[in-house]
Amino acid sequence: MGEHLYTYINPVNEKHISEILSLLSSGGVIALPMGTSWAFCCDASSNKGLRKMRLLRPDHPKTQPFSLICSDISMAATMADIGNQSYRILKRIFPGSFTIIAKSGKLLPKKLKDKRAKVGIRIPDEPITLEIIRRFQQPLAATSVPAKNGSPLLMGYQVFENHGNGVDLVVDIGDELQGLDTTVIDLTGTDIEIVREGAGDISLLQ
């Protein structure tokens, strides 16, 4: 059984942050709030963590890599090929409820031992999650926490009750999330393609 950790932000609990970073470094899987929904996360370069993530989400296509959660656009630019036009878009939508699909950057194979041609990137509007990634100093692989009987899990205790045996830690600041998907946009072509409309305001793309 994992641990349900109630923590806080502004300021962060340094003991809790150290515990979280230690778990990530050892291949652990944690559940983190992502602003609008919950996600399972692990060190994106950890084979152990990625295997545990796939056990938690056996429905995730085996040939489809997990999205990467970054702390800021600078970190995202080490994982994805972000040109001037894409950079201006990212400045408008991040942090926020968007996931972008971009061509993989030249450093991604070296940093993550991953040769994918495209990469999904998210920078959530969630201070505790951004602080964890900033201190970890590299992206986290992430996949959404599945709904229960068609209803999204909104509270940390619900995530723990349903997935406490599969995750090492649920990081909870006590907020109820909306349970909404991100808006997914594809930036690999010359024009922006809206793949899925979700919580992200598409007027920001104009």
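Taken together, the values in this text are just the output of simple stated rules run on the coordinates, not laboratory data. Predicted model only: the values in this text are computed from it and were never measured. A quick note on method: Cβ atoms are made from the backbone with ideal geometry, for glycine too, and the neighbour counts reach across all protein chains shown.
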Value of Rg/Rh across segment 1-120 [Cα atoms, Kirkwood radius]: 0.97
Where labels lie 7 Å past Cα in the beta-carbon direction, separation of Lys113 and Asn165 in nm: 3.0 nm
Cβ crowding within 10 Å averaged over residues, with 79-88, 181-190 ranked highest first: 181-190, 79-88
Expected-Rg normalisation [2.2 N^0.38 Å, Cα atoms] applied to the chain: 0.96
Proximal lysines to Lys62, defined as alpha-carbon separation beneath 17 angstrom and excluding residues fewer than eight positions away on the same chain: Lys48, Lys52, Lys113, Lys115, Lys118
Between helix 47-56 and the chain: long-axis angle, C-alpha atoms, 0 to 90°, nearest 10: 80 degrees
Karplus 3J(HN,Hα) series, Hz, for segment 35-43 with 6.51 cos²θ - 1.76 cosθ + 1.60 (x for Gly, Pro): x, 10, 7, 9, 9, 7, 9, 8, 4
Distance between modelled label sites at Glu193 and Ile173, nm, 7 Å Cα→Cβ extension: 3.5 nm
Rg(Cα) / (2.2 N^0.38 Å) computed for segment 112-206, rounded to two decimals: 1.26
Considering only segment 3-205, percent of DSSP beta bridges that pair antiparallel, nearest 5: 65 percent
Charge context of Asn13, other residues only, Cβ under 15 angstrom, K/R +1, D/E -1: -3
Label-point gap, in nm, between Tyr87 and Lys148 - each point 7 angstrom along Cα→Cβ: 4.5 nm
Other-chain or far-sequence residues with amide H under 5 Å of Met34's (modelled H): Ala39
